[in-house]
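Since every read-out is calculated from the coordinates, none of them should be taken as a lab result. Every value quoted in this text rests on a predicted model; they were computed, and no experiment measured them. All Cβ positions, even for glycine, are placed from backbone atoms using ideal geometry, and neighbour counts span all protein chains on display.
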Ligand code: AHG
Ligand code: MN
Ligand code: MN
């Protein structure tokens, strides 16, 4: 029997500290947690219930959808549409926003999510995750007429963000702007238990994560940073670095929260040729992860500016991402500034 703090207890106690809180937000978070427990169970059963493999369709970004992308998107909608806390949802797997059906009451929050991040890893049984972000619905305040425009808020407006990581353990990592806390799912009782209070990204780190197969397409400052890491003790950094690439952003961010490091999916010339500004999506990948990383003492930038300060232009907007230990991310930003200054002349 576990006698730790359950996520439900934790969220309620957090809510009590907020003056005027109605319990709406607490209840919304609980529904998100439930959705993640259902997804954890589906991912865990895998081919026993025939959910692996491709669905044969494409999402709005032209990516092939896995069966699990579609199923987990449905789980999120069903768990979160009925309770009356939301006005609309938006997801990686839906072209348009999803206004709460008029058969349910509409509430004052907006929810964005990537139901299954790293889904190419499901077939090979490597860790995947769910990412979510909660915003207040602006405008008329009662959330009756949700529009795409309502979602285009900068990351600094987020009320809460979190991810679930489906790895050897299922974990939930959460911020409401008051630090970052990690919970581990106790499968026997079906509850997330607080196991990682007040997570902080270690400052001094010598580990980076990037898909180096794209190296020849990167911009000069990114190439410079990674070259210096690769040159290790023989280069300007004077120390050896270690490298990881899981291809599941949730797993990479979780590693960085645990033992530090840098994760990046930078801009490259293949993207610019197609007119896209990055790989990862701002509203349901980059912003929530930036909120978590910065609440844990790290930094998250596009290369040139803080991600959470960007004013979103579109629901599925993509951005370059460099996040992790503050000093290293600042160094990457410095390299971009130097490069831009040299090339402005
Ligand atoms: P998704 O599965 O939701 O499309 O996102 C995967 C993302 C991210 O989690 C990961 O870091 C990156 O894409 C992997 O990209 P590459 O396959 O290009 O390495
Ligand atoms: Mn994703
Ligand atoms: Mn996804």
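For residue 190, the test of being touching a residue at least 24 places away in the same chain (Cβ under 8 Å), within 16 Å of ligand 2 (Cβ to nearest atom) and surrounded by fewer than 24 Cβ atoms within 10 Å (Cβ to Cβ) is failed. The residue list 250, 262 contains one member that is within 27 Å of residue 180 (Cβ to Cβ), touching a residue at least 24 places away in the same chain (Cβ under 8 Å), within 16 Å of ligand 3 (Cβ to nearest atom) and in contact with a strand residue (DSSP E or B) (Cβ under 7 Å, 6 or more places away or on another chain), which is 250. I'd like to verify a number: residues in the range 225-266 that are in a helix (DSSP H, G or I) and away from ligand 2 (no atom under 15 Å from the Cβ), how many? Qualifying residue count, the range 225-266: 15.
Between 330, 294, 285, the distinction of being in contact with a strand residue (DSSP E or B) (Cβ under 8 Å, 6 or more places away or on another chain) and within 16 Å of ligand 2 (Cβ to nearest atom) belongs to 285 only. Filter the range 2-49 down to the residues that are under 16 Å from residue 183 (Cα atoms) and assigned to a loop (DSSP other than H, G, I, E, B), then identify the one that is nearest to the chain's Cα centre (by Cα). Ranking the candidates gives 5 first.
The set of residues in the range 101-119 that are more than 16 Å from ligand 1 (Cβ to nearest atom) and buried (at least 24 other Cβ atoms within 10 Å of the Cβ) comprises 110, 111. Exactly one residue among 212, 195 is more than 28 Å from residue 270 (Cβ to Cβ) and in contact (Cβ under 8 Å) with a residue 24 or more places away in the chain, and that residue is 195.
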